[in-house]
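First the structure, in the form of structure tokens, and then the observations on it.
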Amino acid sequence: MSLLEVNNLQTSFFTDAGEVRAVNGVSFSLEHGKVLGIVGESGSGKSVTAYSIMQILADTGKIVGGSIKLDGQELVGAGEKVMRTVRGNKISIIFQDPMTSLNPTYTIGHQLMEAIMLHTDRNKQQAYERAVEMLRLVNVNEPERRMKQYPHEHSGGMRQRVMIAMALACEPDILIADEPTTALDVTIQAQILELMQSLQKELGMAIIMITHDLGVVAQLCDEVIVMYAGSICEQGTADEIFYNPRHEYTKGLMRSIPSVDSAGTKLQPITGTPIDLLNMPKGCPFAPRCDAAMKICIRERCERMQINENHAAACWMNVKAAFEAQTGEEA
Amino acid sequence: MAEKNAAPLVDIRHLKKYFNINVGAFQTKPLKAVDDVSFTIQKGETLGLVGESGCGKTTVGRTILQLYKPTAGEIIYNGQPVKTKRDLKTFRTKATMVFQDPYSSLNPRMTVSDIIAEPLDVHGLCKTKEERRARVLELMSYVGLNSEHASRYAHEFSGGQRQRIGIARSLAVNPEFIVCDEPVSALDVSIQAQVINMFDELQDKLGLTYLFIAHDLLVVRHISDRIAVMYLGKMVELADAKEIYEHPLHPYSKSLISAVPVPDPKIARANVRIALKGDIPSPMNAPSGCPFRTRCQYACDKCAERMPEFKEVSAGHFVACHRTAEIND
């Protein structure tokens, strides 16, 4: 049994303009101690997937279908009481913007201790000790002094460390990191990623890393999910996704990022703009921007096809490979 | 690539920009956002300017165009110093700017055609309405916008299209030199590539010269001929783009380049990052001597005493470090 099993998750936002299907049939599983990357552009549904797992959606958002099982326990429809035992204890989240996710009116120490006392039966003294210990773990100097300071007295990198300390204080099985380094500078990003990597090895938790930066994915993740317009277009091990991409969107993404050797050459951007989620086409959501689109792509949406044991994609181009993988014969 | 020995189009000498910050009721203290920065840009060249937030790279761009009045230093454009108000007015028809945030840099109450034509109106470059309209449509076609977009408002466009509007506006006066201040960092990856290619094409077509300010080193590496690295208001290294990537000499450039996440799992796993300790000090309390010494693993007594000279160590490769020779053996 996997640690986390998400099956055909569907999350919609009900707006004045109509139903926005932000997540449309997402399935994946996560094993203990693995790092899963979810990549996609803004509006692809990567953050909403994470918020659905935590059930911290905005008021207009609702999980309309599918299941989320944590250690075999169903979370969809489980109710707020159950979710309270899950959030923080079993699954923690760190948000993109460390500037706004801490409360500016309380000290760092107060906020850390609040999280610890809420989720464990430690008393105030024990919570203080645990908070100091956590700050030390995430390489904050002089943790005792830092405990008394307010968020504005810390730099962005320092605040993100505090967020990580808070998320890890109750030793969750899963840490969801929603663009944890996007707001940070490169050298600080390197520090934070290194810290997450070493903590992951030390504490053995699983991480869901949500990012738009393929560089971050390459560095950190064992497995990768590529999302576009609310659904998964490709899923597999990092090596498979980077060296053998099988969905036209992933290929386009790889071609459009500058690399060390790309100077002097033309990048090959994906044409057009991301799709409007209110007007989803019948066929493949990427078909209007896809250079290789065929008639079937516009008519019918491609279901997920297993290409080999480590790799699946939802693209009609893979019919032959998928058939061979399934039957073991040549098509 | 531009010729090396020709007179530079843009020549910045000892540029300084200090902001006065209130520290008490009647006291101010200078914040040295840009502190003695000199460089040149040849015609047709792209100079990339990189550094972390707060290093002063945006201030350099804005001070060159005198959106901020320089505290000291000279801006020499095409051999002519830009000093008086009259110089500045002509200078601003030659040099323009593309801003970082396509959401806040366009007036929401103006139509696209008015936004693009504003520089034309300000400088009185179009005599008749027809001329103005024709010019606007020409500019829109340069950046891949349709003519029917002209009467719409900025909020009707996506981030990438807004950035195109901003670029069309910066091209309106037929400039030779454009300061691009993080023009692609607010855009999605797939859109970013479209805009980067557009900068390339416009440069070929119109013979533009760019100062390209960004924090994404892979983007800067892709687009620039030469790259300058800034740290806490000072320029620490300047060299050919390829040279600085393959042989960075300053310890800060070394760690900056090693910290870039490479989108290739095998390289990323094998990559040895040179981790820096701590954070960037506040520019209000910049360390004495070399600004980088507090985070530098090679720092010595000399580094605390005085700022190293920004000198040419090999052809076209400038670096400001006392210990360049020792640490790069």
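Below is a table of values for the structure above.
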| quantity | calculated |
| --- | --- |
| Some residue of region A:221-242 being open to solvent by less than 20 Å² (accessible area, probe 1.4 Å), facing another protein chain (nearest Cβ under 9 Å), in a loop (DSSP other than H, G, I, E, B) and in contact (Cβ under 8 Å) with a residue 24 or more places away in the chain | yes |
| Among (1) within 14 Å of chain B (Cβ to nearest Cβ); (2) surrounded by fewer than 20 Cβ atoms within 10 Å (Cβ to Cβ), the one test that A:Asn279 misses | (1) |
| Helices (runs of 4 or more DSSP H) enclosed by region A:100-196 - at least 2 residues per element that are over 25 Å from the mean Cα position of the chain (by Cα) and over 27 Å from A:Val35 (Cβ atoms) | A:108-119, A:124-137, A:143-147 |
| Selection count, region A:162-178, where residues are at pLDDT below 90 and open to solvent by 10 Å² or more (accessible area, probe 1.4 Å) | 2 |
| Cβ-Cβ under 7 Å pairs, at least 6 apart or on other chains, region A:177-194 side more than 10 Å from every other protein chain (Cβ to nearest Cβ), far side part of a helix (DSSP H, G or I) and open to solvent by 10 Å² or more (accessible area, probe 1.4 Å) | A:Asp178/A:Ser47 |
| Where a residue in region A:248-263 is over 22 Å from B:Glu45 (Cβ atoms) and its partner, wherever it lies, is in a helix (DSSP H, G or I) and open to solvent by 40 Å² or more (accessible area, probe 1.4 Å), with Cβ under 9 Å and at least six apart | A:Glu248/A:Met317 |
| Lone qualifier among B:Arg221, B:Arg269 - being at the interface with chain A (Cβ under 8 Å from one of its Cβ atoms), farther than 25 Å from B:Thr40 by Cβ and either assigned to a helix (DSSP H, G or I) or of a type outside the set (S, T, N, Q) (or both) | B:Arg269 |
| Residue within region B:304-318 that is part of a helix (DSSP H, G or I), away from chain A (no Cβ under 13 Å) and either under 25 Å from the mean Cα position of the chain (by Cα) or over 16 Å from B:Lys254 (Cα atoms) (or both) present | yes |
| Residue match in region A:28-46 (condition: over 27 Å from A:Leu199 (Cα atoms), in contact (Cβ under 8 Å) with a residue 24 or more places away in the chain and open to solvent by 70 Å² or more (accessible area, probe 1.4 Å)) | yes |
| Considering residues of region A:113-156 that are free of Cβ contacts under 8 Å to residues at least 40 places away in the same chain and under 20 Å from A:Thr100 (Cα atoms) only, the residue most open to solvent (accessible area, probe 1.4 Å) | A:Glu114 |
| Per-region count, region B:162-186, residues free of Cβ contacts under 8 Å to residues at least 60 places away in the same chain and within 14 Å of chain A (Cβ to nearest Cβ) | 2 |
| Which numbered condition B:Lys277 misses (of (1) within 14 Å of another protein chain (Cβ to nearest Cβ); (2) more than 30 Å from A:Asn141 (Cα to Cα); (3) open to solvent by 60 Å² or more (accessible area, probe 1.4 Å); (4) in contact (Cβ under 8 Å) with a residue 12 or more places away in the chain) | (2) |
| Single unsatisfied condition, A:Glu300 versus (1) within 14 Å of chain B (Cβ to nearest Cβ); (2) out of contact with any helix residue (DSSP H, G or I) (no Cβ under 7 Å at 6 or more places or on another chain); (3) at pLDDT 90 or above; (4) more than 30 Å from B:Ala241 (Cβ to Cβ) | (1) |
| One residue from B:Tyr298, B:Tyr245 being closer than 30 Å to A:Lys251 by Cα, open to solvent by 20 Å² or more (accessible area, probe 1.4 Å) and out of contact with any strand residue (DSSP E or B) (no Cβ under 6 Å at 6 or more places or on another chain) | B:Tyr245 |
| Residue in region B:49-58 that is within 14 Å of chain A (Cβ to nearest Cβ), open to solvent by less than 70 Å² (accessible area, probe 1.4 Å), of a type in the set (A, V, I, L, M) and out of contact with any Ser or Thr (no Cβ under 7 Å at 6 or more places or on another chain) present | yes |
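The values are calculated or read from the model by the stated rules, or taken from the named source; none is laboratory data. Everything numeric in this text was worked out from a predicted model, so none of it was measured. Because the Cβ atoms are built from the backbone with ideal geometry, glycine has one as well, and the counts that use them run over all protein chains shown. Surface accessibility is based on the protein's heavy atoms, side chains included, excluding ligands, DNA and RNA. Shrake-Rupley method; radii C 1.70, N 1.55, O 1.52, S 1.80 Å.
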